[in-house]
């Protein structure tokens, strides 16, 4: 039986990432969490706070991938336009979620402030909510699109509450050696061709004054992974070096 | 005279970013360097080591933006397919660059290793080279597409040698305050509407046990930026708080 492959696209929404002001860390976190759930991130896009760009990216991604996750643009200010863009992409009106409004009302504020905060209760008609364990307004989901906050702490909380219907989980094996990539490139190519279903990545590094290469194998078949790892280790030994465990980089 | 706007798209090529194994930092660095050169990054995509995906993204980006910068996939191993994809996207053959081959030959190696390393001399016909100050094989440029290494140190070296024909440089002003976003959201919206050419971003944070908001103004007109900054500071004071300089986040 062929294994079930479940895919995702991540849309990072925000001018601050594209201007270089902010280093995005959300993609990395999402990729790791989805990987464990058997969902493979196949593409990510960083797009500006621009309605046309967001709608175009949403419609591309929701058509092509099983899951679409967005981060950013669901706060209370004028540059928070993600909910409107999602409604636009799905061709549905924006409604006010009484459930989110209740959460917002729990924290008292003067009327004008409350009015701004109520922007966060606006969701596309037909959406359901994504819990927010940090206690603030929820995110929302419509069909295969999951809309989360951009603040990493809040995004991580929301993500932790989503149940993904994942497929085969991709596992990995890794090993490093103090060899140059070129030294083992031909051998790696041979090994890769013997295990076409496993992705063999080669990543050179320079650390503590020493050049080396990390080899990472990713696939769903544990037996093949083990065989491939043995083959890569043997290749390293053939080249007069010692296979080493990966340390944090 | 309308100011000249010069745009760029960044393509981050590599399975290791999408799997969550590696935290990308290249986009952030490129965005900052291009910004200083008057080139605005309007989109970034993270794509897998897959020929169709890379070619599609290249053709989209080179059509839509003034500059396209890629990172990753130009090493000596089987998973390094960026040069082939760029040649494919432009419909030109791959040739061997004698200039890169010379750099490669400077470091002696046994014939099979040298053969693998020579993969890095393969470039699309018509491309010119991007210097590599770290001493390794060069990157290359064809029309508006700039192809660089994925290793941050090497990419940064290559990027530093490229001359961009930039337009008006986007400058920024920033201020933070211990106010919630909602408290000043209406006022920010008013200010934004008075300066439509300046992008006013609002970024909530939680630091050292205190909630606050960073306000970032980005635009090319320094006089407008100063006026807008004064207006934002006045808004903060009206709300009973003190405008503070941005500290590193």
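The values are calculated or read from the model by the stated rules, or taken from the named source; none is laboratory data. This one's a predicted model, so the numbers in the text were calculated from it and none came from an experiment. Note that each Cβ is placed from the backbone with ideal geometry, even for glycine, and that neighbours are counted across all protein chains shown.
The figures follow:
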quantity	calculated
Residues that are more than 14 Å from chain B (Cβ to nearest Cβ) and in a helix (DSSP H, G or I), drawn from the stretch A:140-186	A:158, A:160
Tally, over the stretch B:6-26, of residues that are more than 7 Å from chain A (Cβ to nearest Cβ) and touching a strand residue (DSSP E or B) at 6+ places or on another chain (Cβ under 7 Å)	11
Search result, residues across the stretch B:59-69 that are closer than 19 Å to residue B:164 by Cβ and surrounded by 16 or more Cβ atoms within 10 Å (Cβ to Cβ)	B:61, B:62, B:65, B:66, B:67, B:68, B:69
Test result for residue B:225, at pLDDT 95 or above, in a strand (DSSP E or B) and either facing another protein chain (nearest Cβ under 8 Å) or surrounded by 14 or more Cβ atoms within 10 Å (Cβ to Cβ) (or both)	no
Matching residues, the stretch B:70-86, being away from chain A (no Cβ under 11 Å) and either over 20 Å from the mean Cα position of the chain (by Cα) or not in a loop (DSSP other than H, G, I, E, B) (or both)	B:70, B:71, B:81, B:82, B:83, B:84, B:85, B:86
Unmet requirement for residue B:234, which otherwise passes all of (1) closer than 19 Å to residue A:80 by Cβ; (2) surrounded by fewer than 21 Cβ atoms within 10 Å (Cβ to Cβ)	(1)
Filter result (surrounded by fewer than 23 Cβ atoms within 10 Å (Cβ to Cβ) and either in contact (Cβ under 8 Å) with a residue 40 or more places away in the chain or more than 7 Å from every other protein chain (Cβ to nearest Cβ) (or both)) within the stretch A:27-52	A:29, A:33, A:35, A:36, A:37, A:38, A:49, A:50, A:51, A:52
Which listed residue is assigned by TED's automatic domain parsing to the domain that holds residue A:129 and over 29 Å from residue A:18 (Cβ atoms), from A:81, A:104	A:104
Hits in the stretch B:146-169 - residues which are over 30 Å from residue A:203 (Cα atoms) and buried (at least 19 other Cβ atoms within 10 Å of the Cβ)	B:166
Set B:9, B:85: member being closer than 30 Å to residue A:217 by Cβ and at pLDDT 95 or above	B:85
Flag if residue B:135 is within 14 Å of another protein chain (Cβ to nearest Cβ), closer than 19 Å to residue B:26 by Cα and not in a strand (DSSP E or B)	no
Looking only at the stretch A:205-222, and only at residues there that are under 18 Å from residue A:189 (Cα atoms) and under 24 Å from the mean Cα position of the chain (by Cα), the one that is surrounded by the most Cβ atoms within 10 Å (Cβ to Cβ)	A:215
Residue in the stretch B:91-100 that is in contact with a helix residue (DSSP H, G or I) (Cβ under 7 Å, 6 or more places away or on another chain), closer than 29 Å to residue A:12 by Cα and either free of Cβ contacts under 8 Å to residues at least 60 places away in the same chain or surrounded by 17 or more Cβ atoms within 10 Å (Cβ to Cβ) (or both) present	no
Subset tally (residues that are part of a loop (DSSP other than H, G, I, E, B), surrounded by 15 or more Cβ atoms within 10 Å (Cβ to Cβ) and either in contact with a helix residue (DSSP H, G or I) (Cβ under 7 Å, 6 or more places away or on another chain) or within 12 Å of chain A (Cβ to nearest Cβ) (or both)) for the stretch B:103-130	1
